[in-house]
Amino acid sequence: MSGLKVTVGKISFDRPGIVASGIMDETGDTMVRMLRSGAGAVVSKSVGSNPNPGHRNPNFTEVPCGCINAMGLPNPGIDAFAEEMEVAVKEGPIIGSVYGSSPGEFAELAGKMEDYGACAVELNLSCPHAKGYGMEVGTDPKMVGTIVKAVKDAVKVPVWVKLTPNTHILQDIGRSVEEAGGDAIVAINTLKAMVIVPEFGKPLLSNKVCGLSGKCIKPIGVRAVWDLHNAVSIPIVGVGGIYDHRDALEYIMAGASAFQLGSAVLTEGVDVFEKINRGLEAFMEEYGYGSIEEMRGVAHE
């Protein structure tokens, strides 16, 4: 699978598919399982400074062509997560995802992830259903730049920034990431969504406002990567609705250097990575591409 090797900034991965934050990444053992199932890397569950139980049930449901969730960033806190990272980093590349409410908090959390052995950190600036975090701080270009710079000053590992599609200034935010020294952009996180139960006349999930993911958001994610490719020169990691190698190719040809899978792991099983790897290799052989990089951004030509 040498043709599947990719480089995102300063990091090389043997395979282009990465486990998105929040899927099969809460424990060291599950992260190891994903790496052994064909993933090139795993992004950890987003972790904060203190333990967080998340939103109360119900907080997840399936919808046509996707699913919605309002988990509320449940996690054991950064100190307890050290045990899970110790197990996972022995197996392969782990990108530590963190969330915070201030530049200083992001910097401290990123520093701990670096100490735990993370090959990079991913800043969650895009969760649509966590008050005071995520999208609430990730839609202000100036704040995004301040956070990225603070983290860059605090760590030596590459800094990835996960952006929200719930904004009309995505390119401006992307440029702020690049200008502040960010090493890569991850696009996209979930879209703000809601489900109402007519019989009850109430929203289904406890938090009311949720995040939509799955097949239905792929065209939006591909468009976001396309727009960012025209706005920045740093690598882009595409995510949103990827279920097979053709979905991955759309992101790559829009400008992504690598891609992440989330919902597909839940519905297709952990062998989805190997299926995509084989599909990419067959496509590249048939159409004469020698590497993922040769395909990156070709739709712009």
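Could you look through segment 272-299, keep only residues that are outside any helix (DSSP H, G or I) and of a type in the set (G, A, S), and pick out the one that is farthest from L228 (Cα to Cα)? Top of the filtered list is G288. Cβ-Cβ distance below 6 Å, separation of 6 or more or different chains: which pairs start in segment 180-196 with a residue that is within 25 Å of P64 (Cα to Cα) and end on one that is surrounded by fewer than 20 Cβ atoms within 10 Å (Cβ to Cβ) and polar (S, T, N, Q)? Cβ pairs passing all conditions: K192/N166. Taking residues in segment 272-301 that are free of Cβ contacts under 8 Å to residues at least 60 places away in the same chain, and partners anywhere that are outside any loop (DSSP other than H, G, I, E, B) and among the basic types (K, R), the pairs with Cβ atoms closer than 9 Å and at least 6 places apart or on different chains are G279/R246; F283/R246. Is there any pair linking a residue in segment 123-147 that is at pLDDT 80 or above to one that is acidic (D, E), with Cβ under 8 Å and at least six apart or on different chains, and which? Correct list of pairs: P141/D172; G145/E179.
Name the residues in segment 256-273 that are surrounded by 15 or more Cβ atoms within 10 Å (Cβ to Cβ) and over 20 Å from L191 (Cβ atoms), would you? Walk me through it before giving the result.
First pass over segment 256-273, keeping only residues surrounded by 15 or more Cβ atoms within 10 Å (Cβ to Cβ): 256-266, 268, 270, 272-273.
Within segment 256-273, S257, A258, E268, V270, V272, F273 qualify.
The values are calculated or read from the model by the stated rules, or taken from the named source; none is laboratory data. None of the values given here were measured: they were computed from a predicted structure. Methodologically, a virtual Cβ is constructed for each residue, glycine included, from the backbone with ideal geometry; neighbour enumeration extends over all protein chains shown.
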